[in-house]
Amino acid sequence: MAVYSLPELTYDYAALAPHISAQIMELHHSKHHAAYVAGANAALEKLAEAREANDFANINRLQKDLAFHLGGHTNHSIFWKNLTPESQERPSGDLASAIDEYFGSFDKFRAHFNATALGLQGSGWAFLAWDAIGHQLIIEQLFDQQGNIAAATTPILMLDMWEHAFYLDYKNVKGDYVTAFWNIVNWDDVAARFEAARSGAAGVLLV
Ligand code: MN
């Protein structure tokens, strides 16, 4: 029985246009995200079969498959909820104060985040995360769906920089995609994730 399932979006595929087109949203959600869900479920089944047979000859490939596909499922589940057609434009309250405290100002935070996104070499994500050890917000650069991040940091705002996320709309002009992203951020969702992460209840709102 499948452990993971594709979540419904809380808005229509066309709702984020012109910032992200309906065509991209439909393909991205119903094809790309669905493939990560299927891949994560398949990886779990293969690992169970390996345990049953006591045959771990393919363990490295299976663990990589699980990390990649479960990473893809997790990242997209957060990303959809980070977006809204009714963006509040800027964070407010404790989240706004925390961004000012840890990055200097909202504009400095956004410049750092944009550079992180645009600097990616290949496929990956930029994200804002809560670091429970340093008790601070940090920005991380995620390679593919699972690499180059510190374990146990909690993502609260994620931006997909894979070409499938923007190429039909923006071609090679990544900067315009990143600029458009800031028009559709759901700061209420980001703030809820921030509060949950900061209070140690991250799992509740992780996806
Ligand atoms: Mn994607």
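The values are calculated or read from the model by the stated rules, or taken from the named source; none is laboratory data. Model, not experiment: these values are computed from the prediction. Positions of Cβ are generated from backbone atoms using ideal geometry, with glycine treated the same way; all protein chains shown enter the neighbour counts. The accessibility values were calculated without ligands, DNA or RNA, using every heavy atom of the protein model including side chains. Shrake-Rupley method; radii C 1.70, N 1.55, O 1.52, S 1.80 Å.
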Residues of the stretch 39-59 classified as open to solvent by 10 Å² or more (accessible area, probe 1.4 Å), in contact (Cβ under 8 Å) with a residue 24 or more places away in the chain and away from the ligand (no atom under 14 Å from the Cβ), total:
3
Between PHE143, PHE166, which is surrounded by fewer than 21 Cβ atoms within 10 Å (Cβ to Cβ), aromatic (Phe, Trp, Tyr) and under 17 Å from the mean Cα position of the chain (by Cα)?
PHE143
Tally of residues being surrounded by 16 or more Cβ atoms within 10 Å (Cβ to Cβ) and either away from the ligand (no atom under 13 Å from the Cβ) or farther than 23 Å from ASP189 by Cα (or both) across the stretch 147-163
6
In contact (Cβ under 8 Å) with a residue 24 or more places away in the chain, small (Gly, Ala, Ser) and open to solvent by less than 70 Å² (accessible area, probe 1.4 Å): does that describe ALA115?
no
State whether one or more residues within the stretch 60-76 are in contact (Cβ under 8 Å) with a residue 40 or more places away in the chain, surrounded by fewer than 20 Cβ atoms within 10 Å (Cβ to Cβ) and among the aromatic types (Phe, Trp, Tyr).
yes
Picked from the stretch 77-112 (must be β-branched (Val, Ile, Thr) and in contact (Cβ under 8 Å) with a residue 60 or more places away in the chain), the residue farthest from the ligand (Cβ to nearest atom) is THR84
Scope the stretch 14-38; condition open to solvent by less than 70 Å² (accessible area, probe 1.4 Å) and not aliphatic (A, V, I, L, M); matching residues:
HIS19, SER21, HIS28, HIS29, SER30, HIS32, HIS33, TYR36
